[in-house]
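The block underneath contains the structure these notes are about, expressed in structure tokens.
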Amino acid sequence: MSEFTLLWFLLTITFFVLEATTYNLTSIWFAIGSVAALVVSAFCNVFWIQLTVSLVISLILLIFTKPFVEKKLKLKKEPTNSDMVIGKIGIITKDITQDKFAGQVKVNGAVWSAVSKDNSVVLEGERVKIVSIDGVKLVVEREE
């Protein structure tokens, strides 16, 4: 048995625990690579060979299986109430200026903070189209 067996065992446990605490399949590939290096460490006492096996296995799995797994696990994005305002027309209730402070727009009966898409000034009373949402602010452009 190699002097690095304990290292590979601890790395394997660490990567599996990390994977169990995340949702994005971030470390499963490295956990499996560490398992491969752990197996190799039982037969070979050369660290660079163990490290190479770990990296090669991890990278092969990452390159060839991650896109497939992500496609299979792709969750359908559920629209929220805020998504429903995208594409709607609103009225500016407080000027949108070029400084860092947002103006306000009223859409579907609710008042939202808003910024202009092209960083232009949009004055109170103008009609705008909601293009997207950035955090808690609507991104708007003048209605054409």
Carbon and sulfur together cover what percent of the accessible area of the chain at a 1.4 Å probe radius?
-> 65 percent
Under the 7 Å Cα-to-Cβ spin-label approximation, PHE43 and LYS129 lie apart by a distance in nanometres of 6.4 nm
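Over the chain, calculate the relative contact order: mean separation of alpha carbon pairs under 8 Å at least 6 apart, over the residue count, as a percent.
16 percent
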Helix 5-21 axis, angle to the chain major axis (alpha carbon atoms, nearest 10°) = 20 degrees
Please work out how much accessible surface ARG142 shows to a 1.4 Å probe, ignoring ligands, DNA and RNA, in Å² rounded to 10.
-> 100 Å²
Quick shape summary for the range 1-142, equivalent ellipsoid via Cα gyration tensor, semi-axes whole Å in descending order, reads 55, 15, 12
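Would you mind checking the pairs LYS94/LYS129; LYS71/LYS137; LYS88/LYS137 and listing those with alpha carbons more than 26 angstrom apart?
Over 26 Å Cα-Cα: LYS71/LYS137.
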Of the residues LEU55, GLY90, ALA102, the Cα lying farthest along the dipole of the chain towards its positive end, which is defined by charges on the beta carbon of Lys, Arg, Asp and Glu, belongs to GLY90
Leaving out ligands and nucleic acids, note down the accessible area per residue over the chain with a 1.4 angstrom probe, in whole Å².
-> 68 Å²
Shape parameters for the range 1-58, alpha-carbon atoms, Rg then Dmax in Å = 11.1, 35
Would you kindly state how much longer the chain becomes between SER120 and TYR23 on full extension, computed as 0.36 nm times their sequence separation minus their alpha carbon distance, in nm to one decimal?
-> 31.0 nm
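The values are calculated or read from the model by the stated rules, or taken from the named source; none is laboratory data. Because the structure is predicted, anything quoted here is derived from the model rather than measured. So basically every Cβ, Gly included, is an ideal-geometry build from the backbone, and we count neighbours across all protein chains shown. These area figures cover heavy atoms from the full protein model, side chains too; ligands, DNA and RNA do not enter into them. Shrake-Rupley method; radii C 1.70, N 1.55, O 1.52, S 1.80 Å.
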